[in-house]
Amino acid sequence: MSLRSAGGTRAGSSQTLLADLFYPLYVRLFDEDSDFVGTLENKLAEARIPQTVEIYLSRALGIGVLTGAVLWLLGTAVGWAVVTFLVTEPPTFLGLPLPDPYLGLVNALKLPFIVVVSGLVFGSIGFATGFGGMAGRPYLQASARKREINVLLSDSVSFMYALSVGGLNQLEILQAMAKADDTYGEVAQEFQSIVLETEYFDTDYRTAIRNQAAQTPSDELSQFLTDMLSIINSGGDMEKFLEDQKEKHMRTSKQEQELVLETLELFGEMYMTLSLFPLLLIIILVIMSMLGEANDMLLYGTVYGLIPLIGVGFLVLVSTVVQDEVGDGYLRDETGEVVGESGGMFDLGLADDYAGDYAIFDRVKSKEGAYRIAGVLKAPHLFFREYPLAVLGLTLPISLVLVGVSVMVGYAPTRIEGIFADPVMGTFFWLYVPLYVNIVPLTVFHEWNIRSRNAITNKLSDNLRKLSSANDTGMTLLESLNVVAETSSGRLAGEFRTMYAKVNYGTSLKTALREFNNDYHIPRLARTVKLISKAQEASSQITQVLSTAAQASENQDDIERDRKSRTRMQMVIIIMTYVTLLGVMALLKVKFLETMAGLTQQAAEGGGQFTGGLDIEMLTLLFFHAVTLQAIISGLIAGYIREVSLKAGLKFLVVLPTLALITFMLV
C-alpha cells in the first residue's frame, strides 16, 4: 500500500470514528423528517458527496464541537489575560465609581465572569464556524456544479444532436455522453450516473433518467432530461427533439450572457464610487493633521490596508458573476492519457513511462531529455511562448540581482528615513525594477501565447462551414480537410494540412484530431474536435454534424464579440477612474499639501488657530504608494473583467504604475 493510500485510509477511518461518536448527538438534535435534513440530503446528492445525511451531519457536529472546544480554551485564556493584565482599574458604572459594598463583590466576580463569557463567545464562534462550514459545503459545491452544467449544456446538446445525426440510438447517445467527461465535465458526470444506474442497479434507463432529472442541481438540465424522457416514452423523433433543444439552449446562452454583462455594468459603476472612497478619506485625514488631530496609523491603514482590501473584495465579487472557461482543453484516449502532448514542460512522455525497466529505456530517457533541452536552448522564445510563466524562472533571479546591486551602490535605501527622503527613487528600486523585469517579459510571452491560440479560433467557424460544404459534395472528412487546407490561409489551414499528412503516413484521423487539439488545448476547440471525431467514427458523411459544429462555434463567436464590446466600456471606466484619482493626488501634492503646510507653519508661529503640522515627506510617500497600489489593483480588475483572467491584466500592470511613476517624477 502506498503512503498516499495509507494516509487516505487513516483519514477516512478517523472521519468514520468521529461520525460514530457524535451520531447519538445527531439523533437527539435533528429530526429525520425535518426540512433542514431533507434539503441537505438533496444537496449532498447534487454535490455528488458520497455520504448519507446522517453520517455527514454527525461528522459536522463532531468538527463543530472540536473546533468550539479549542476556541473555548483560547477564549478563556484571552479573558483571563485581559482581566489580569489590562483591566486593572476599579470598575465604574455609567462613569461613576461603585460604592464600597458593591465594589468588593464586583472585583470578586469580575475574573470568573469575563473568563466564562469570553470562553462561551469564542466557543460559540468556533462551533458555528466548524458546523456551519461543513453544513454549507454541499450548497457551495452544488452551486458550482450547477454553474458549470449551465455553461456546458448548450455544447452538450449540440454534441448529442450530432451523435443522433450520425445514427446512434438513444442508449448509445447516453453512453457516449457519459464517456465525454474530458470535454463536457459535470454534464458528462450527470449522464454517467444514468449509465451506471442502469448497469449496476438493474434499472431501466427511463427510470434512471427520471431519477437524475430530480437529482441534478441544474434546473435547465432537469427540464431537458424531463423533456427527453417524454420523447422516449412517446416514441417521438429524438433527432428533431435534440435539434430544437440545440437551438433553444443557444438562445439561452446568449440571454444569460446579456444578464452577466448588465451585472458587470452595475459593478463598474460601483467600483468607480468605491475606488474614490480612500481618496476622500486621505483628504479628511490630512485636514485633521493640519488641525493637530493627526493619526498616522489611520493614514497607513487607508493606503496599505483599505485600498488593497477594496480591490480584492471587488475581484471576488466579479468572480462570482463572470463565467470562467470550463475544462483544461485536453482530449484523452480510452485509457485517460493525453494524446500527442507531453502533459507539461518537465514531462518526457513515453520516455518517462518505460524508464527504469531496462537500461535501453534509461538511455532513451536521457537522450530525450537532452533533445528537449537542446530544443529549448535553440529556440527559447518558442518555449516561453508555450509556457509564459516559465520566464519567471529567468527573470526572478535577475530582478533579485538588480535589487541587490542597487542596495550595494546606495541607490535603493535600506532605512525608512531614506525612503521618506526620496519616495519616488526608493520605491522605484524596490518595486518598479522587479515589476518591469518580471512583468514585461511575462506580458510579452502571455500575449504572444494568446494571439497564437486566437489564430486558430478566429477562423474556426468559417473553416467548419467550408468543411461542411466540401463534405456535402460527397468527399470524405479527410478529403475535405485537404481541400479546405489548399483553399484557405492561416494557421488553422496549416494544421489541416498537417493532419492530412499524418493520416497519409498511417496515423488514424481520430488520433490526428486529438493531437491537433492538444497542441493548443483550448476548451472551446476541444468541444468542437470531440464532436467531429466522435461523429466521423460512424460515417465520413457528416455534413450536418459539421454544420452543427459551425453553428455552435458561431454562437460562441457572437457571445465573445458581445462580451468584449460591452466590457470595453467597463475597462475604460476603471482606467479613467484611476487616471482621475492620480490627477487629484498630484494636485494635492503640488497645490494643496505644500501650500497648506506653509500656512500651518505661519499660523503656528503667529499664535493662530492652526497648531498642527504636516509631514510633507511622509504624505508624499503615502500619496505615491496609494496611486501605485491603486494602479496595480485597477490593472488586475480591468484585465479580469475583459478576459476573465488575471493574466489579462498584466499589460495594465505595466502601463498604469508607469503613469504614476512619471507623474510623481514630474511633480
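The values are calculated or read from the model by the stated rules, or taken from the named source; none is laboratory data. The structure presented is a predicted model; accordingly, all values stated were derived computationally and were not measured. Neighbour counts are summed over all protein chains in view; Cβ atoms, including those assigned to glycine, are modelled from backbone coordinates with ideal geometry.
Of note:
- Of the candidates Asn449, Asn438, Asn454, the single residue that is without any contact (Cβ under 8 Å) to a residue 12 or more places away in the chain and within 24 Å of the chain's Cα centre (by Cα) is Asn454.
- Unique match (being within 30 Å of Val322 (Cβ to Cβ) and at pLDDT below 85) among Thr567, Thr628: Thr567
- Taking the criterion of being assigned to a helix (DSSP H, G or I), more than 21 Å from Glu148 (Cα to Cα) and either among the aliphatic types (A, V, I, L, M) or touching a Leu at 6+ places or on another chain (Cβ under 8 Å) (or both), the residues of segment 518-546 that qualify are Asn518, Ile532, Ser533, Lys534, Ala535, Gln536, Val545, Leu546.
- Pick from segment 612-622, criterion aliphatic (A, V, I, L, M) and farther than 20 Å from Ser275 by Cα, ranking: surrounded by the most Cβ atoms within 10 Å (Cβ to Cβ): Leu614
- Test result for Thr457, closer than 30 Å to Thr620 by Cα and at pLDDT below 90: no
- One residue alone among Leu66, Leu86 is more than 30 Å from Ser218 (Cα to Cα) and modelled with pLDDT under 90, and that residue is Leu86.
- Residues in segment 499-517 that are more than 16 Å from Leu460 (Cα to Cα), polar (S, T, N, Q) and not in a loop (DSSP other than H, G, I, E, B): Asn504, Thr511.
- Taking each residue of segment 462-473 that is more than 13 Å from Glu554 (Cα to Cα) and looking for partners that are among the polar types (S, T, N, Q) with beta-carbon atoms closer than 6 Å, six or more apart or interchain, yields Leu467/Ser480; Ser468/Thr543; Ser468/Ser547; Ala470/Ser480; Asn471/Ser480; Asn471/Thr543; Asp472/Thr543.
- Test: residue in segment 153-172 that is more than 24 Å from Ser547 (Cβ to Cβ) and either buried (at least 20 other Cβ atoms within 10 Å of the Cβ) or among the acidic types (Asp, Glu) (or both): no
- Flag for Val303 being within 17 Å of Ile633 (Cβ to Cβ), without any contact (Cβ under 8 Å) to a residue 24 or more places away in the chain, out of contact with any Gly (no Cβ under 7 Å at 6 or more places or on another chain) and not polar (S, T, N, Q): no
- Single unsatisfied condition, Leu546 versus (1) touching a Phe, Trp or Tyr at 6+ places or on another chain (Cβ under 9 Å); (2) over 30 Å from Leu281 (Cβ atoms); (3) hydrophobic (A, V, I, L, M, F, W, C): (1)
- Those residues of segment 623-667 which are small (Gly, Ala, Ser) and either farther than 16 Å from Met272 by Cβ or not in a helix (DSSP H, G or I) (or both), in sequence order: Ala626, Gly639, Ser645, Ala648, Gly649, Ala660
- Test result for Phe314, surrounded by 13 or more Cβ atoms within 10 Å (Cβ to Cβ), at pLDDT 85 or above and aromatic (Phe, Trp, Tyr): yes
- Condition met for Ile307 (of a type in the set (A, V, I, L, M), more than 30 Å from Val187 (Cβ to Cβ) and surrounded by fewer than 18 Cβ atoms within 10 Å (Cβ to Cβ)): no
- Matching residues, segment 405-422, being modelled with pLDDT of 85 or more and in contact with a Ser or Thr (Cβ under 7 Å, 6 or more places away or on another chain): Val407
- Of the helices (runs of 4 or more DSSP H) lying entirely inside segment 166-249, those containing at least 2 residues that are free of Cβ contacts under 8 Å to residues at least 12 places away in the same chain span 181-200, 205-215, 219-234.
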